[in-house]
Amino acid sequence: MKKILVLNGPNLNLLGTREPAQYGHTTLADVEAMCKETGERLGYEVECFQSNWEGALLDKIHEAGQAFRDGTLLGVVINPGALTHTSIALHDAIKGVGDLPVIEIHISNVHARESFRHHSYVSPAAAGIVVGFGVLGYTLAMEGLVRKLQG
């Protein structure tokens, strides 16, 4: 069975307690369970990974590129957190692994927040973007990934 990789960047391990007015009370464990349920419904295994370290996320993207080429991975859903606005390395990793489909997701509407959050280094490398739907955005991103690749 093919996989979908769900990546979460810095501070997303604090979901449920970090700024609940902005991000809600759902924990990362809840999000991961929801993603796995969504994957099962869509017919895909889901692997979830969170790191506060940019390099660990880069390594996972590199591995995902190879898994995609091997035919074992459908694509990636990534919430890069604050690295969205700072990491040229994430952009380069996504572009560097070839045709790996990546959907960028943000829980909050980053365009309605501070101006520094309006720019994403990841977006130009992404196949699609889901912004501002809360944690439901993960489900929407996974469904979008599947539909995009089914044509």
**OP:** Looking at (1) of a type outside the set (S, T, N, Q); (2) under 19 Å from L15 (Cβ atoms); (3) in contact with a strand residue (DSSP E or B) (Cβ under 9 Å, 6 or more places away or on another chain), find the lone condition where H85 falls short.
**Re:** (3)
Original post:
For residues in segment 11-22 being in contact (Cβ under 8 Å) with a residue 60 or more places away in the chain and assigned to a helix (DSSP H, G or I), which is farthest from L90 (Cα to Cα)?
Top reply: Q22
**OP:** Take segment 137-151 and flag every residue that is aliphatic (A, V, I, L, M) and surrounded by 13 or more Cβ atoms within 10 Å (Cβ to Cβ).
**Re:** L140, A141, M142, L145, V146
Original post:
What pairs come up if the first residue lies in segment 23-44 and is crowded, with 16+ Cβ neighbours inside 10 Å, the second is charged (D, E, K, R), and their beta carbons are under 6 Å apart, counting only those six or more places apart or on different chains?
Top reply: Y44/K2
**OP:** Please work out which residue is farthest from I78 (Cα to Cα), limiting yourself to segment 114-143 and to residues that are touching a residue at least 24 places away in the same chain (Cβ under 8 Å) and among the charged types (D, E, K, R).
**Re:** R117
Original post:
Which condition does S115 not pass, out of (1) more than 12 Å from the chain's Cα centre (by Cα); (2) farther than 25 Å from G16 by Cα, if it passes all the others?
Top reply: (2)
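Any read-out appearing in this document is the output of simple, stated calculations on the displayed coordinates, not a laboratory observation. Note that the structure is a prediction, hence the values are computed from the model and not measured. Ideal geometry is used to build each Cβ from the backbone, glycine not excepted, and the neighbour counts take in all protein chains shown.
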